[in-house]
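Every number in this text was worked out from the coordinates using simple rules, so none of it is lab data. This structure is a prediction, so every number in the text was calculated from the model and none was measured. Cβ atoms come from the backbone with ideal geometry, glycine included; neighbour counts cover every protein chain shown.
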Amino acid sequence: MIVLPDTQGYADVRHKETQKHWPSIGDQRSCFFEHTEWIKKNKQKMNIVMAVHVGDITQSEHEEEWKIADAAFKTIDNHVPYILCSGNHDMGYSPEHRKTSLSRTSHFGSYFPPSRFTKNPLYDPHFGKDKSLHFYEEGEIENYYLFLNAGGMKFLILTLEFKPRDQTLAWANEVVAAHPDCRTIVVTHSYLTRNKGQLSGADNYGVKGNSGKSIWEKFVSQHKNIFLVLSGHAMENLLTSQGKHGNTVHQVQADYWYFDLPKIKAGSGFLRIMTFRPDKNTIEVQTYSPVLDEFLVRPKSKFWLDYNMSSPVGSASADQ
């Protein structure tokens with residue numbers, strides 16, 4: 001599974017916020033295209049079965065930026081299935097105040113409508129028996145889920161809007177409870193804090209919804225088949241917690257667009273490679289840049305997650 005962290009800088013051709021922070025860095029559109037080209041090229045070699053975007057696809061959710069994202073993902077539209085997540089930069093942007101998520105209005109659904117997936121045969125195995133895409137609100141792309149059969153296991157991958165509302169979490173609870181035989185991965189943009197990597201709390205964004213702490217308490221912790229949460233928004237962090245049923249939940253965060261450290265700066269093009277190894281009951285996490293052809297080997301960039309894939313999902317021995 002390939003995880004694409006915030007690509008907002010790669011689509012930033014209007015306000016050029018990245019260039020204001022780092023004057024030496026120019027147009028980064030090529031990074032976006034290199035990501036998806038690399039995924040397509042390595043599909044067979046690496047057995048890539050899914051790509052996941054953790055949100056902030058764009059910088060200011062302007063149509064010009066969505067066109068860049070649209071073009072980049074067209075590279076893999078018919079080759080590798082992917083699931084997208086909306087971030088704060090993908091909605092309710094005010095050009096005057098340069099603030100994000102003042103509302104939930106967005107061009108997201110215009111460029112990635114449900115029909116982009118429902119009419120693509122590549123996704124037929126991922127929709128379920130009725131071949132329909134599973135949305136919280138019909139016709140919208142902010143909350144939906146796919147099925148995935150890989151390595152002899154059944155997965156459910158569910159993506160949630162930025163600061164999911166209570167009714168969204170109620171829907172998500174119903175979905176996961178209805179599929180107890182599926183190993184479940186949750187994708188949402190803002191979940192962990194920037195520095196210590198703890199569950200996020202209250203913030204000053206315009207839209208109302210649940211923080212990382214509330215998402216955990218109201219949803220993630222309640223299900224024994226949820227084992228992984230993927231998020232972006234700020235830095236890279238890892239938090240491992242125990243759910244209500246004693247199950248281990250790994251919560252993995254990655255965002256590289258604004259880093260200003262050696263080899264980690266805007267335009268470096270880092271993404272995440274998550275390799276599931278059922279024979280070892282582990283998930284290998286690597287951070288790699290197709291742009292630089294380099295790996296990050298810091299403790300938060302390269303690590304292993306223990307996850308028992310030998311036992312049935314939700315069984316007492318699955319997390320031992």
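Quick rundown of the values:
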item: Ranked list, fewest to most other Cβ atoms within 10 Å of each Cβ, for 271, 239, 292; result: 292, 239, 271
item: Assigned charges on the beta-carbon of Lys, Arg, Asp, Glu; the chain dipole about Cα centre (debye); result: 620 debye
item: Relative contact order (%) - criterion: Cα under 8 Å, at least six apart; region: the chain; result: 15 percent
item: Ranking of 296, 305 by count of other Cβ atoms within 10 Å, fewest first; result: 305, 296
item: Footprinting exposure proxy for 155, 112 (fewest neighbouring C-beta atoms within 10 Å first); result: 112, 155
item: Volume in Å³ per residue [convex hull over Cα atoms, computed for the chain]; result: 124 Å³
item: Per residue Cα convex hull volume in Å³ - calculated over the range 82-135; result: 80 Å³
item: Cα-based convex hull, the range 3-63, per residue volume (Å³, whole number); result: 92 Å³
item: Centre separation in Å (Cα based) which lies between the range 281-300 and the range 69-130; result: 25 Å
item: Cα-based equivalent ellipsoid, the range 94-182: semi-axes from gyration tensor eigenvalues, Å; result: 27, 17, 11
item: Value of [θ]222 nm, deg cm²/dmol, for the chain, DSSP H segments ≥ 4, -39500 (n - 2.57) each, nearest 500; result: -5500 deg cm²/dmol
item: Estimated inter-spin distance, residue 174 and residue 202, nm [label 7 Å along Cα→Cβ]; result: 3.1 nm
